[in-house]
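Asker: For reference, the structure I am asking about is given below.
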Amino acid sequence: MSETMHAVAVTGEREATLIRMERPEPKRNEIQIRIRACALCTWEQRVFIREKETPLPLVGGHEIAGEICALGADVDESKYPVGAPVTGRVQKACHSCYYCRRGEPTQCVELNTFRLNGPAVYGMGGLAEYICLDRSAVWRYENGVPFEQMALTEPLACVLNSIRRGDPHMGDDAVVIGGGVMGQLHLLCLEKLGVRTILSEPDPARRAFAQAHGCRITIDPARESAVERVLQLTGGRGAETVFNTTAVSAVEEDAIRMTGKLGRCVTYSSQHPDSPVPVSPNWLHNSEAVLTGAVNPGITSFDQAVNLIGKGILSLDDLVSAVYPKERATEAFEEALKPSTYRVVIRL
């Protein structure tokens, strides 16, 4: 008989239940991870409130940290010793499709082929006690980083991919719209690059958090025009890079208007609802600006995230707002939905 494990499953609207399910065993080239912490992404939160329809029960979770529990055949134990703390890139990269072979695994055609398929359960599987990943998707941590911070590797990697798309240079102005967890991660990374960071965020607590962590300028868009302030700060040119981390499509128009000639405007967040915004083709033609998006963590950005956290270059402790045991999963989801929180983590 197969071994079983506990998993946190969304089983209904605003309902998260601890269930038992079959424990995965490592196949050739796979590593079995005993998950210790999983952060709740907005993707899982939208499923929890049924804003996003998926099959139920759903065992989501892709922001994970844990320790190596067992190795499949052909995995070198000297490189992946049992008991070593690790994180994993749960999103698949097939390494053989058109996009993977162009070095762009964020667009892999198998990206959303979830690892937990079958009649009993659906989802990525990070909210279970065990997961098996290909060794290429597993990164070791070696410097005693808490599991709760390790679990933020994946969102940090997403942000690093976004910054790669934005391509800011030292001395540039970089605007971040939205001071949630992803906006704050953008600001922390941009500060390391030597740019002047500008945050547009109506919540005073989020603006204060950003300032306390090095953000140079903050704007309250509820009290003044963020577009006009950015233009004033940049001598009327607009910013070299703008990152829209909000899910509000109307804000996208402001993001574009803040972007200067030859600048890059990155739409980081998915949009809910997805409402089109006007763009002047003639402005685009004349400005040579780049409008682009950023989605998922690349393999290189994931490696960079591990190094930033593991080497102590970035400390993400202040972005972990709360930690809950798996038995209180519903409370954890409800806490994660509050605008005052950054990341809520479930201990498994």
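Asker: Before we move on, is Gly310 in contact with a Pro (Cβ under 7 Å, 6 or more places away or on another chain), under 30 Å from Cys94 (Cα atoms), not hydrophobic (A, V, I, L, M, F, W, C) and not assigned by TED's automatic domain parsing to the domain that holds Met124?
Answerer: Numbers: in contact with a Pro (Cβ under 7 Å, 6 or more places away or on another chain): no; under 30 Å from Cys94 (Cα atoms): yes; not hydrophobic (A, V, I, L, M, F, W, C): yes; not assigned by TED's automatic domain parsing to the domain that holds Met124: yes.
No; evaluated as a whole, the condition is false for this residue.
Asker: Tell me the residue from Thr267, Thr259 that is in contact (Cβ under 8 Å) with a residue 24 or more places away in the chain, within 20 Å of the chain's Cα centre (by Cα), surrounded by 20 or more Cβ atoms within 10 Å (Cβ to Cβ) and not assigned by TED's automatic domain parsing to the domain that holds Glu104, please. Break it down into steps so the answer makes sense when it comes.
Answerer: Values: Thr259 fails: within 20 Å of the chain's Cα centre (by Cα).
Selected residue: Thr267, the only one of Thr267, Thr259 that is in contact (Cβ under 8 Å) with a residue 24 or more places away in the chain, within 20 Å of the chain's Cα centre (by Cα), surrounded by 20 or more Cβ atoms within 10 Å (Cβ to Cβ) and not assigned by TED's automatic domain parsing to the domain that holds Glu104.
Asker: Counting only residues that are among the acidic types (Asp, Glu) and over 25 Å from the mean Cα position of the chain (by Cα), which one in region 5-39 is farthest from Tyr80 (Cα to Cα)?
Answerer: So the residue we want is Glu22.
Asker: Ok, one more. What's the number of the only condition in (1) in the same structural domain as Glu228 (by TED's automatic domain parsing); (2) surrounded by 14 or more Cβ atoms within 10 Å (Cβ to Cβ) that Ala329 fails to meet?
Answerer: Only one criterion in (1) in the same structural domain as Glu228 (by TED's automatic domain parsing); (2) surrounded by 14 or more Cβ atoms within 10 Å (Cβ to Cβ) is unmet by Ala329, namely (1).
Asker: When residues of region 77-109 are filtered for being under 15 Å from Ile33 (Cα atoms) and acidic (Asp, Glu), how many remain?
Answerer: 1
Asker: Hey, Thr113 hits all of (1) surrounded by fewer than 16 Cβ atoms within 10 Å (Cβ to Cβ); (2) touching a Lys or Arg at 6+ places or on another chain (Cβ under 7 Å); (3) within 28 Å of Val323 (Cα to Cα); (4) not small (Gly, Ala, Ser) but one; which does it fall short on?
Answerer: Single failed check for Thr113: (3).
Asker: Going through region 101-110 one residue at a time, which ones are loosely packed, with under 11 Cβ neighbours inside 10 Å and either at pLDDT below 95 or not assigned by TED's automatic domain parsing to the domain that holds Pro26 (or both)?
Answerer: First pass over region 101-110, keeping only residues loosely packed, with under 11 Cβ neighbours inside 10 Å: 102-103.
Answer for region 101-110, where residues must be loosely packed, with under 11 Cβ neighbours inside 10 Å and either at pLDDT below 95 or not assigned by TED's automatic domain parsing to the domain that holds Pro26 (or both): just Gly103.
Asker: I'm trying to understand the selection: among the residues of region 314-326, which are in contact (Cβ under 8 Å) with a residue 40 or more places away in the chain and surrounded by 15 or more Cβ atoms within 10 Å (Cβ to Cβ)? It would help to see each step written out before you state the result.
Answerer: Taking region 314-326 first, the residues in contact (Cβ under 8 Å) with a residue 40 or more places away in the chain are 314-320, 323, 326.
Once the filter is applied, which keeps residues that are in contact (Cβ under 8 Å) with a residue 40 or more places away in the chain and surrounded by 15 or more Cβ atoms within 10 Å (Cβ to Cβ), region 314-326 yields Leu314, Leu316, Leu319, Val320, Val323, Lys326.
Asker: Out of Glu30, Glu53, which single residue is modelled with pLDDT of 95 or more, out of contact with any Ser or Thr (no Cβ under 6 Å at 6 or more places or on another chain) and among the charged types (D, E, K, R)? Break it down into steps so the answer makes sense when it comes.
Answerer: Details: Glu53 fails: modelled with pLDDT of 95 or more.
Of Glu30, Glu53, the one residue that is modelled with pLDDT of 95 or more, out of contact with any Ser or Thr (no Cβ under 6 Å at 6 or more places or on another chain) and among the charged types (D, E, K, R) is Glu30.
Asker: Quick one: would you say Thr259 is out of contact with any Pro (no Cβ under 6 Å at 6 or more places or on another chain) and not aromatic (Phe, Trp, Tyr)?
Answerer: Values: out of contact with any Pro (no Cβ under 6 Å at 6 or more places or on another chain): yes; not aromatic (Phe, Trp, Tyr): yes.
Spelling it out, Thr259 is indeed out of contact with any Pro (no Cβ under 6 Å at 6 or more places or on another chain) and not aromatic (Phe, Trp, Tyr).
Asker: Looking only at region 47-100, count every residue that is in contact (Cβ under 8 Å) with a residue 12 or more places away in the chain and either of a type in the set (Ser, Thr, Tyr) or not assigned by TED's automatic domain parsing to the domain that holds Ile131 (or both) and tell me the total.
Answerer: Of the residues in region 47-100, 3 are in contact (Cβ under 8 Å) with a residue 12 or more places away in the chain and either of a type in the set (Ser, Thr, Tyr) or not assigned by TED's automatic domain parsing to the domain that holds Ile131 (or both).
Asker: Of everything in region 153-171, what is touching a helix residue (DSSP H, G or I) at 6+ places or on another chain (Cβ under 8 Å) and part of a helix (DSSP H, G or I)? Give them in sequence order.
Answerer: Step one: filter region 153-171 for residues touching a helix residue (DSSP H, G or I) at 6+ places or on another chain (Cβ under 8 Å), giving 153-164, 168.
Residues satisfying the conditions are Thr153, Glu154, Pro155, Leu156, Ala157, Cys158, Val159, Leu160, Asn161, Ser162, Ile163, Arg164.
Asker: Residues in region 184-212 that are touching a Leu at 6+ places or on another chain (Cβ under 8 Å) and over 17 Å from Thr245 (Cα atoms): how many?
Answerer: Of the residues in region 184-212, 1 are touching a Leu at 6+ places or on another chain (Cβ under 8 Å) and over 17 Å from Thr245 (Cα atoms).
The values are calculated or read from the model by the stated rules, or taken from the named source; none is laboratory data. Everything numeric in this text was worked out from a predicted model, so none of it was measured. Note that each Cβ is placed from the backbone with ideal geometry, even for glycine, and that neighbours are counted across all protein chains shown.
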